[in-house]
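What follows is a single structure, written as structure tokens, with notes after it.
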Amino acid sequence: MGSDLNSSVHIVLFPFMSKGHTIPMLQIARLLLLRRGITITIFTTHANSPFIRQSLSDTQPNVSVIELDFPTNIPELPPGIESTDQFPSMSLFIPFANATKLMQPDFEKALNNLSISGGVNCIISDGFLFWTQKSAEKFSIPRLVFYGMNNYVMTLCRILGRNRSHLKLGLDEPFTVPGFPSVKLTLNDFESPMNDSNPQGPHFEFIVETGIATSKSQGLVVNSFYELEPAFLDYWNREFVPKAWCVGPFGLVEKTKYDQAAEKSNPKPDWIKWLDQKSVEGRSVLYVAFGSQAEITKEQLREMAAGLERSEVSFLWVVRSKGSEGLEELEEKVKGRGLVVREWVDQVEILGHESVKGFMSHCGWNSALEGICTAVPILAWPMMAEQHLNARMVAEELGVGLRILGSNGSVRGFVGAEIVEKMVRELMEGEEGEKVSKKVKEVGEAARKAMEEGGSSWRTLDQLIDETCRNTDPTHLLP
Ligand code: UDP
């Protein structure tokens, strides 16, 4: 479909209410709008709306935001929580995700209004919002699913869902994955219910429900690019449904001129000034961050702090974890060499700073990709969800990072300060660090090429729009 025809194409985006799922969806909005001129409507809740509106302030009026009420009086959920990063504990995830189902009638009312006033060609919604599949079917609108995962993780998990012999092994016993003999995993790379031999309960039911809805959808929009993981993408598209479309890394979409001007007029935050100072001093900085919602124990934070102190490298540590109050002592000891930040930062801006030469990361997929795109090698220290698999991908499959393991050699063990110190030095000063630094530059360059006009992601996006939106009549009314 030629881009001149695209202004009549209207796509609805519905991100899940967590930063790690919303941020890439906003990047998809930019991608579709700025590179293809497509009209976008984003659905969200009242409390999540300011973050979305602020992030897309430069794209008005071509992006509209529709706010829905987040369900109230859910017994397990404290009132007012509309985003997973506000959870006092991640154990609220399943009640929270299931509560979103109560938004279905309001979502459909709004879809109906959009249908009357011009129509919708396609819905891209988060995999966790599984019930949007039913809404899409009611209105005969194709739905694409976004999960925020790469093909490596999706493919390995699906293969292991079919071949379950590994479930009899011990937690740290390595096994190979059928079809991928070079991939070695352990049960500890997974969480319950994925590593249960007899999975059941609300979390398992949620996984099944999202999986069924996804399999009925039109396709998966994946924040990755073909050259990064060709074997895993090809395997998925040969063996499984729905089709996966790699159209990323989304974060590489250009900013608007307006946006760049606004950036220039904004005063620099203190941590960027601090990084500027490190550049002047000729010091390389390790950026330390564990995403928007990692839960790290006080004891583990203390060891991290001690390891960073002993490593003698310069570091900028963005702390979101509860229990970070004890870090004042570290700040005092490393004054001038290390900085602890407790606010929301522009992570990509930090990673893109010339002084930043290493990234200690929990390997949320957004963070790992941001490290790759800014050519900063990763020290992988996963905490939860699919981060352990991402860490394997980063260190063992792609060779763009090193890995932190527990003091007992397990991927989930407690990590002592001596390991933190050793691995930080290795990444920043050692031979292994040099190797992964070189590799991440090559992979970052490949990412840029994939997103350029004519690159693999560019071409795939053209095909995706063509196949999904070309034959749809956007004026769907309720049956
Ligand atoms: N992020 C940010 N500033 C912060 C914390 C996080 O910009 O202070 C962004 C980060 O750049 C990434 C996202 O939040 O795009 C976190 O997603 P990721 O998948 O890495 O981890 P999650 O938070 O989902 O565990």
### Query
Is segment 444-455 home to any residue that is within 16 Å of the ligand (Cβ to nearest atom) and surrounded by 22 or more Cβ atoms within 10 Å (Cβ to Cβ)?
yes
### Every residue from segment 237-268 that is assigned to a loop (DSSP other than H, G, I, E, B), at pLDDT 95 or above and under 30 Å from residue 340 (Cα atoms)
249
### Message
Consider segment 374-415. How many of its residues are more than 16 Å from the ligand (Cβ to nearest atom) and assigned to a strand (DSSP E or B)?
### Response
2
### Query
Within the bounds of segment 406-421, is there any residue that is of a type in the set (A, V, I, L, M), surrounded by 22 or more Cβ atoms within 10 Å (Cβ to Cβ), more than 21 Å from residue 155 (Cα to Cα) and out of contact with any Pro (no Cβ under 9 Å at 6 or more places or on another chain)?
yes
### Query
Only one residue in 426, 445 is in a helix (DSSP H, G or I) and within 23 Å of the chain's Cα centre (by Cα). Which one?
445
### Message
Could you go through segment 142-151 and let me know if any residue there is at pLDDT 95 or above, farther than 23 Å from residue 20 by Cα and outside any helix (DSSP H, G or I).
### Response
yes
### Query
within 15 Å of residue 17 (Cβ to Cβ), surrounded by 15 or more Cβ atoms within 10 Å (Cβ to Cβ), among the acidic types (Asp, Glu) and in contact with a helix residue (DSSP H, G or I) (Cβ under 7 Å, 6 or more places away or on another chain): does that describe residue 126?
yes
### Summary
Restricting segment 265-315 to residues that are in contact with a helix residue (DSSP H, G or I) (Cβ under 8 Å, 6 or more places away or on another chain) and among the polar types (S, T, N, Q), the one surrounded by the fewest Cβ atoms within 10 Å (Cβ to Cβ) turns out to be 284
### Task
Among residues belonging to segment 292-337 that are modelled with pLDDT under 95, touching a Ser or Thr at 6+ places or on another chain (Cβ under 8 Å) and under 28 Å from residue 281 (Cβ atoms), point out the one that is farthest from the ligand (Cβ to nearest atom).
301
### Task
With the checklist (1) under 16 Å from the mean Cα position of the chain (by Cα); (2) more than 15 Å from the ligand (Cβ to nearest atom) in hand, flag the one item residue 249 doesn't pass.
(2)
### Query
Hey, residue 407 hits all of (1) modelled with pLDDT of 95 or more; (2) more than 14 Å from residue 149 (Cβ to Cβ) but one; which does it fall short on?
(1)
### Message
So if I check each of 385, 391, 375, which one is surrounded by 19 or more Cβ atoms within 10 Å (Cβ to Cβ), touching a strand residue (DSSP E or B) at 6+ places or on another chain (Cβ under 9 Å) and among the small types (Gly, Ala, Ser)?
### Response
391
### Message
I'd like the full set of residues that are within 7 Å of the ligand (Cβ to nearest atom) and either without any contact (Cβ under 8 Å) to a residue 12 or more places away in the chain or not in a helix (DSSP H, G or I) (or both), limited to segment 356-370.
### Response
362, 364
### Query
Is there any pair linking a residue in segment 324-343 that is farther than 18 Å from residue 276 by Cα and in a helix (DSSP H, G or I) to one that is of a type outside the set (Gly, Ala, Ser) and within 16 Å of the ligand (Cβ to nearest atom), with Cβ under 6 Å and at least six apart or on different chains, and which?
327/340; 331/340
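When you scan segment 178-191, do you find a residue that is among the β-branched types (Val, Ile, Thr), within 25 Å of residue 398 (Cβ to Cβ) and assigned to a helix (DSSP H, G or I), even just one?
Checked segment 178-191: no residue is among the β-branched types (Val, Ile, Thr), within 25 Å of residue 398 (Cβ to Cβ) and assigned to a helix (DSSP H, G or I).
The values are calculated or read from the model by the stated rules, or taken from the named source; none is laboratory data. It should be emphasised that the depicted structure is a prediction, and the values quoted were computed from it without experimental measurement. Quick reminder, even Gly has a Cβ in these numbers, built from the backbone with ideal geometry, and neighbours come from all protein chains shown.
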